[in-house]
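What follows is a single structure, written as structure tokens, with notes after it.
The values are calculated or read from the model by the stated rules, or taken from the named source; none is laboratory data. Note that the structure is predicted; figures quoted are calculated from it, not measured. Quick reminder, even Gly has a Cβ in these numbers, built from the backbone with ideal geometry, and neighbours come from all protein chains shown.
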Amino acid sequence: MKDSAIKWHGAKITSILNKHSGMTKDIIKQVPNALEDPIIVLKSQTSDSRIVMLGEVYDKYGAPVLVALELMPTNRKGLLIDTSIIVSAYGKDSDMAKFIERSEVLYISTDKKRTTQWFQGLRLQLLSYETICGPIGKITYSGNQINISGVPFSQLSQNLAANSAPRPYFSSVGSSTDHHNTNIIQSSEKSKKKNHYRPICNPKRSQTAVDSVKKPYISI
């Protein structure tokens, strides 16, 4: 994704606080953490120009906070704005495992320990980690158009389950616009130095993941 500022309109924050009882002001302040260092990045199921990010941020009921980011926002005249906008952030408390299984994956954190624990918390078991960490999908821009292409979570499991040689990925283990009050979230060079994890994914896999999905590093 483009290296640009991320905005979160004050009116949107107020709307989230009024609509989602699990979101508090303190949790709102933690949302940038999910953008700076996400566990998983998905293609939005509702918009072709949005991505969904999830990390170690939870609402007051313990549900993972889902953050939706619009990558091609426009102003009131319909002109593109050179920034990204947080359009939603709330605790996803209904069938998160199924939501992920129906989504296209763009990125999975390279931190094996925290990622494994996070998936286990959703009753998803990470069977093998070596070939899927880091960028998996791609985001490309062409003029006023954007193309977001990920790998279906279910396809990863099905493709590997059908072959004996490759390692399996995941399996389920349980049933289971504008406003004067604007917060501007800008890129943080300090955050870029934050990630000292050693990638353990397959190097060939990383090289073939064209137009790797950048992790957005932000600070308020």
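Key figures
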{"item": "Qualifying residue in region 58-76 (condition: hydrophobic (A, V, I, L, M, F, W, C) and assigned to a helix (DSSP H, G or I))", "result": "no"}
{"item": "Residue match in region 64-71 (condition: over 23 Å from Pro135 (Cβ atoms), among the acidic types (Asp, Glu) and buried (at least 17 other Cβ atoms within 10 Å of the Cβ))", "result": "no"}
{"item": "Output for region 99-113, where each listed residue is farther than 13 Å from Gly150 by Cα and either touching a Pro at 6+ places or on another chain (Cβ under 7 Å) or hydrophobic (A, V, I, L, M, F, W, C) (or both)", "result": "Phe99, Ser109, Thr110"}
{"item": "Residues located in region 115-133, provided they are modelled with pLDDT of 85 or more and either under 15 Å from the mean Cα position of the chain (by Cα) or buried (at least 20 other Cβ atoms within 10 Å of the Cβ) (or both)", "result": "Thr115, Trp118"}
{"item": "Search result, residues across region 14-50 that are over 20 Å from Gly62 (Cβ atoms) and more than 19 Å from the chain's Cα centre (by Cα)", "result": "Thr14, Ser15, Asn18"}
{"item": "Cβ-Cβ under 9 Å pairs, at least 6 apart or on other chains, region 1-23 side of a type in the set (Phe, Trp, Tyr), far side in a loop (DSSP other than H, G, I, E, B)", "result": "Trp8/Ile220"}
